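A quick write-up on the structure given underneath.
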Amino acid sequence: MGRYSVKRYKTKRRTRDLDLVYNDLATKESVRALKNQALDETKPGLGQYYCVECAKYFENQISLDRHTKGKVHKRRVKDLRQRPYTPLESEACAGYNVQKFLDDVEKYKKVEEYKNENKEELDAIKSEKKDTLDAIITGIPSGELNQDEAQEKPVEKSLQANEVEMTD
């Protein structure tokens, strides 16, 4: 019984539909809002490392970078270059809501013009690199954290050098 119910509903790896992601990528404000989310303990990486195209959260910046170089991400970006299929298209093919579909096509053309005009800004927002989670939580950039750790390490080494080994 359990096996067939799992086969019937394959929702474990289900991602957001292309038309919803396409709408997210329409304006730079929506992309910025998705990239700069508030800290959320229920999401991987506290919701800070998000791939907008694939609608996935990652643990850290390294895994997000590795994902963007991968085949799955590149395939998804290629699919998003074209206008995704919507239920409105199927209704227009059947003869229903044709005017609404034509209005949607005009809206699509405007969005494409906007994307072409602001391509550099959108790419810059999408490719922003985030700091480590420790730096995000504490509010101190990771460069300063590394300097503080470097200053503490010589003190520990000097303590270890003064220790004497006891033998039987």
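The values are calculated or read from the model by the stated rules, or taken from the named source; none is laboratory data. Note that the structure is predicted; figures quoted are calculated from it, not measured. Neighbour counts are summed over all protein chains in view; Cβ atoms, including those assigned to glycine, are modelled from backbone coordinates with ideal geometry.
What helices (runs of 4 or more DSSP H) completely inside the stretch 34-143 contain at least 1 residues that are farther than 19 Å from residue 18 by Cβ?
On the way: elements: 61-68, 71-81, 87-94, 98-117, 119-126, 133-138.
So the answer is 61-68, 87-94, 98-117, 119-126, 133-138.
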Residue 69 meets each of (1) under 24 Å from residue 115 (Cα atoms); (2) over 15 Å from the mean Cα position of the chain (by Cα); (3) at pLDDT 85 or above; (4) exposed (fewer than 12 other Cβ atoms within 10 Å of the Cβ) with one exception, condition (2)
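Take residue 153 and decide whether it is more than 21 Å from the chain's Cα centre (by Cα) and modelled with pLDDT of 70 or more. So that I can check it myself, show each step before the final result.
Numbers: more than 21 Å from the chain's Cα centre (by Cα): yes; modelled with pLDDT of 70 or more: no.
So residue 153 does not fit the description; no.
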The one condition in (1) surrounded by fewer than 13 Cβ atoms within 10 Å (Cβ to Cβ); (2) touching a Gly at 6+ places or on another chain (Cβ under 8 Å); (3) not hydroxyl-bearing (Ser, Thr, Tyr) that residue 58 fails to fulfil: (1)
Residue list for the stretch 27-55, restricted to those being over 26 Å from residue 118 (Cβ atoms) and either touching a Pro at 6+ places or on another chain (Cβ under 8 Å) or surrounded by fewer than 16 Cβ atoms within 10 Å (Cβ to Cβ) (or both): 39, 40, 41, 42, 43, 44
